[in-house]
Amino acid sequence: MRLGFHASFDDEEGMEDNQKGGYQNKMGKVLVALLDLSLVVERVTEKILYLLPKDRSRIYAWIISSLLGLVISFSFRFGFIKELGLETGSHIAQWVDYFISGLLIASGSEPIHSIVDALSFKRDELKRKAKRV
């Protein structure tokens, strides 16, 4: 088992992108993928809930969306940490990555929107600081 993280890219173009701020570009793509998958899970969950009793719809929604998110992340081996280029040799770390990604996907689009908003705010803040210098 290796300790620590290393960046991995699929091709040389990815390496050049990394040197020119490609990490931000890759992070943007990962967030868009998470948002897309979250929206799909939200819509599928809504459709399935029409078939179930209304009295416990909140519990059913949580169970259905969690299962869908976990199935998607594990079956397609989608881990947002891995997709950002951070990997370890540990199988446990991969499973944790898939599990966290599945829960993020299951939580719907609101948390992803919050992450995007926070990153946008931070980017704007850094731009303002750079202009003052």
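What follows draws every value from the coordinates through simple rules; no lab data is involved. Given the structure is predicted, the values throughout are model-derived calculations rather than measurements. Cβ placement follows ideal geometry from the backbone for every residue including glycine, while neighbour counts extend to all protein chains displayed.
Please list log₁₀ I(q)/I(0) at q = 0.14, 0.21 Å⁻¹ for the range 21-132, using the Debye equation with identical point scatterers on the alpha-carbon positions.
-0.64, -1.09
Beyond a 32 Å Cα-Cα separation, which of these cross-linked pairs lie in this structure: Lys29/Lys131; Lys29/Lys129; Lys26/Lys54; Lys26/Lys131?
Exceeds cut-off: Lys26/Lys54.
Can you list the chymotrypsin sites (Phe, Trp or Tyr not before Pro) in the range 68-119 that are in a DSSP coil and have 11 or fewer other beta carbons within 10 angstrom?
Qualifying residues, ordered by number: Phe76.
Expected output is a single nm value to one decimal: the length gained when fully extending between Ala33 and Ile59, i.e. 0.36 nm times separation in residues minus the C-alpha distance. What is it?
6.8 nm
Can you sort Ser38, Ser107 so the residue with the fewest Cβ neighbours within 10 Å comes first?
Ser107, Ser38
I'd like the FRET efficiency for Ile48 and Gln94, computed as 1/(1 + (r/R0)^6) with the beta carbon distance as r and R0 of 25 Å, rounded to 0.05.
After rounding to 0.05, the efficiency reads 0.30.
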